[in-house]
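Below is one structure, written out as structure tokens, with a few remarks after it.
The values are calculated or read from the model by the stated rules, or taken from the named source; none is laboratory data. Bear in mind the structure is a predicted one, so any value in this text is a computation, not a measurement. When we count neighbours, we look across all protein chains shown, and the Cβ atoms used for this are built from the backbone with ideal geometry, even at glycine. Ligands, DNA and RNA are stripped out before the accessible areas are found, and what is left, the full protein with its side chains, is counted by its heavy atoms. Shrake-Rupley method; radii C 1.70, N 1.55, O 1.52, S 1.80 Å.
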Amino acid sequence: GYAGFSDMQKVFRARLREGWPDYHQRLEALKAIGPEPHPALHLHGFAEAATASLDRLGATVDPVRLGRAVDLLAAADTIHLVGARRVFPVTAYLAYAFAKMGVRSQLVDNVGGLGGEQIASARPGDAVLAVSYAPYTQTTVDLVEAAAAAGVPVVAITDSTFSPLVRAAAEWLEVAEADYGDFRSLAATFALAMALAVSIGEKREAR
């Protein structure tokens, strides 16, 4: 009954957007561990989730795609960094790392709701590095689509071929973060972000 593959993708995207419980539900679910909070047990759980995320990283990130993403970003005049809500710390770290290495970047922080105006400064000689996981932040999706429509190449870090970032991305890298009690790790995402930053810095230095 679908008109095409895109219609079928919409079903999967909707499931990914709606599949995560809110924070009150997650805290409630953690009570199954016991009637009292268990900080040490939670620490162990989060450490195990981070380890599992890092173990998966080698299996999900294609080295060829990674190399192409680094080449694309290293060649950009300015790298525009897009990531909201849970993944904002990743893009904030990248802005810091790029500044230290002398790589021109702009953190699209959407302060004052000005994300659209911030991304509008991107030009075809620039590039966008965007991060978003299910449930995908609509602001991030809109900014990525606007950049791609303006001819600015996008590198996306996301979690599924059904991610709305994939259709706008020139290159995309898959990260599957493990979770503890539905609270997802960012360990693998930060490891990938650090690898990207260092690799881009090396290429720029060599050039």
Sequence-distant residues sharing a close amide H with ILE157 (under 5 Å, placed H): ALA130, VAL131, SER132, LEU173
Tensor-based shape of the range 62-105 (alpha-carbon gyration tensor, a/c under 1.5 rounded, otherwise prolate or oblate): oblate
Positive minus negative residues near PHE98 (Lys, Arg vs Asp, Glu; Cβ under 11 Å): +3
Modelled FRET efficiency - R0 35 Å, TYR2 with ARG207, Cβ distances, 0.05 increments: 0.15
Solvent-accessible area per residue for the range 68-126 (1.4 angstrom probe, square angstrom): 48
³J(HN,Hα) computed for each position of the range 185-194 - Karplus, 6.51 cos²θ - 1.76 cosθ + 1.60, integer Hz, glycine/proline x: 6, 10, 4, 5, 5, 5, 4, 5, 4, 5
Burial order of peptide ranges 98-107, 147-156 (average beta-carbon count within 10 Å, highest first): 147-156, 98-107
Phi to ³J(HN,Hα) by Karplus 6.51 cos²θ - 1.76 cosθ + 1.60 over the range 138-149, Hz, x for Gly, Pro: 4, 4, 4, 4, 5, 5, 5, 5, 5, 5, 4, 5
Long-range amide H partners of HIS80 with built H, under 5 Å: GLN106, ALA127, VAL128, LEU129
Paramagnetic reach from HIS44 (point 7 Å along Cα→Cβ, amide N under 16 Å) across the range 165-184: 180-181
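How much length is gained if the chain between ALA150 and SER121 is pulled fully straight, taking 0.36 nm per residue apart and subtracting their Cα-Cα distance, in nm to one decimal?
Length gained between ALA150 and SER121: 9.4 nm.
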Distant-in-sequence amide H partners of TYR180 (H built 1.01 Å from N, under 5 Å): SER185
Contour minus Cα-Cα distance for VAL111 and GLN138 (0.36 nm per residue): 8.2 nm
